[in-house]
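Below: the structure, in structure tokens.
Read-outs throughout are calculated quantities, based only on the coordinates presented, and are distinct from any laboratory measurement. All of these numbers come straight from a predicted model, not from anything done at the bench. Backbone-built Cβ (ideal geometry, glycine too); neighbour counts: all protein chains shown.
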Ligand code: ARG
């Protein structure tokens, strides 16, 4: 697919009627979008076939011309798919590259295809179709990631790990519960994707340059043929709107933020100091100098890709914010942002899905860490409230003293002798030891959405039914 960059000075064959000479080389370079919008070839051809079919149905062009156009467009589709199409930068963009080739293939009938449309509604159509397909793909990929987490959560519904706040040991939780937190996050991302598909499901074609057209077109017919719910309702908005692209980018940015938090946890968990998980060889790399190392490069790159995605969102918001209605050429800059973010997001979801599926979970390390750091202190306080009738604030204070004592003795709460505990508060009995283990702690947290294995299993069942 060689780009033809020769600078001939003849005027543009598509719109050059009023121009005496061709563009300056720099003009051509800044103006051309074919380098990236050739990605839209399939959508462009599909849109043109639907448009030509509608024109013939409405008697605006003859059936004979329509047949030639459709045949020619299908030929171009296979030429591009097989790599036998020469894209030309002089022809600016995908729309004019396809139309010029059509003219070579079928002659004058090609000139009738652009009746009752403009590149403004054409590009809005092509790009919407592309973003819609990308959103559908994102939905499937998120479903795969959610499934990976559901499997790990099921496997580890009872595995105890430390739960953190401020990255300090807080209370014991189960690894299954922690996995289900990500299911909630990616589940929200998936529902944002579904809403975005609904929002953009309107066909722009037929808005023409900005004002609609005097030809008796049927926009409902093209909308239906292209799989849209209905046509857009305002021709000015149609050609000046890029909300669908910005929505895609904001969804990608939020999902990217989730993926990046997961990546960060995996980076931490896989350090020798934590040792909670071991990444598979398939998702880690070695060091060229330190033979002992196994680096979580894929997780780190997922964390970094999020920066690119955020950049794309801010770029497109900034491109759009000052534009008067309707179309301005600034809008041509929308595509690279979306294409780049889509590629990053796909890679990030795929990498995280693989990592989550493949990683080895070290339940012994997790359990040992869960018991350290006085993680069952809240359980002691709750026991004092429940069994000894103390107000929670007093129980908190008593527990604080027990923690301080354990700390000074260099032992866990559960290792303090009963006499020590009773010296702090007389109401404490040996029954207290039942709640000081991490297993008892997690099993007791049966509140809706809590970390008890029984609750985690309920949430797994909920999400499995929801898929
Ligand atoms: N390549 C252009 C874009 O991506 C197509 C629309 C051009 N429209 C125009 N009035 N020049 O936005």
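What are the principal axis extents of the Cα atoms in the stretch 1-140, in Å, biggest first?
Here the Cα extents, ordered largest to smallest, are 41, 40, 27 Å.
Given q = 0.15, 0.22, 0.24 Å⁻¹, what are the Debye log10 I(q)/I(0) values for the stretch 148-243, with equal point scatterers placed on the Cα positions and solvent ignored?
Computed log10 I(q)/I(0) values: -0.69, -1.07, -1.15.
Out of all DSSP beta bridges in the chain, what portion is antiparallel? Express it as a percent rounded to 5.
Numbers: 8 of 11 bridges.
In the chain, DSSP labels about 75 percent of beta bridges as antiparallel.
How much FRET efficiency would the formula 1/(1 + (r/R0)^6) give for residue 268 and residue 358, where r is the Cβ-Cβ distance and R0 is 25 Å, rounded to 0.05?
On the way: r = 18 Å, r/R0 = 0.71.
Calculated value: 0.90.
Using alpha carbons only, what's the Rg to Rh ratio of the stretch 426-467 with Rh from Kirkwood? Intermediate results must be reported in sequence, preceding the final value.
Details: Rg = 14.6 Å, Rh = 11.9 Å.
That ratio equals 1.23.
Which angle between 0 and 90 degrees, to the nearest 10, do you get for helix 63-81 versus the longest principal axis of the chain when only C-alpha atoms count?
Between the helix axis and the principal axis of the chain, the angle is about 50 degrees.
Report the convex hull volume per residue for the stretch 268-360, counting only C-alpha atoms, in Å³. Can you show the working numbers first?
On the way: hull volume 11.3 nm³, N = 93.
That works out to 122 Å³ per residue.
Please compute the modelled spin-label separation between residue 301 and residue 330, points set 7 Å along Cα→Cβ, answer in nm with one decimal.
3.5 nm
In degrees between 0 and 90, to the nearest 10, how far off the longest principal axis of the chain does helix 175-200 point, with axes built from Cα atoms?
Here the helix axis deviates by roughly 20 degrees.
Sort 51, 396, 156, 177 by Cβ crowding within 10 Å, fewest neighbours at the top.
Details: 51 28, 396 16, 156 21, 177 25.
Lowest to highest Cβ neighbour count: 396, 156, 177, 51.
Rounded to the nearest 10 degrees, what's the angle between the helix 297-321 long axis and the longest principal axis of the chain, both from Cα atoms, 0 to 90?
So the helix axis and the longest Cα principal axis differ by about 50 degrees.
For 232, 238, what ranking results if the residue with the fewest other Cβ atoms within 10 Å of its Cβ goes first? Let's see the in-between values first.
Numbers: 232 23, 238 26.
Result, fewest neighbours first: 232, 238.
Roughly how many nanometres apart are two label points built 7 Å out from the Cα toward the Cβ at residue 13 and residue 104?
0.7 nm
Over its Cα atoms, what ratio of radius of gyration to 2.2 N^0.38 Å does the stretch 135-182 give? Working shown, then result.
Values: Rg = 13.3 Å, N = 48, 2.2 N^0.38 = 9.6 Å.
That ratio works out to 1.39.
Looking at the square roots a ≥ b ≥ c of the eigenvalues of the Cα gyration tensor of the stretch 307-393, which shape do they give, rounded for a/c under 1.5, prolate if a/b is larger than b/c, or oblate? Working shown, then result.
Details: a/c = 6.37, a/b = 2.22, b/c = 2.88.
Cα axes put the stretch 307-393 in the oblate bin.
Provide the three semi-axes, in whole Å and in decreasing order, of the ellipsoid equivalent to the chain as defined by the square roots of 5 times the Cα gyration tensor eigenvalues. Spell out each step's value before the answer.
Values: eigenvalues 777, 105, 67 Å².
Working through the eigenvalues yields semi-axes of 62, 23, 18 Å.
According to a simple spin-label model (label point 7 Å from Cα along Cα-to-Cβ), what is the distance in nm between residue 282 and residue 394?
Output for this residue pair reads 5.9 nm.
Can you give the extra length, in nm with one decimal, that the chain gains between residue 154 and residue 462 once fully stretched, where that is 0.36 nm per residue apart less the Cα-Cα distance? Can you show the working numbers first?
Values: separation 308, 0.36 × 308 = 110.88 nm, distance 1.23 nm.
Result: 109.6 nm gained on full extension.
222 nm [θ] for the chain, helices only, -39500 (n - 2.57) per DSSP H run of 4+, per residue, to 500? Present the calculation step by step, with values, prior to reporting the outcome.
Working: 18 runs with 280 residues, N = 467.
Result for the chain, helices only: -20000 deg cm²/dmol.
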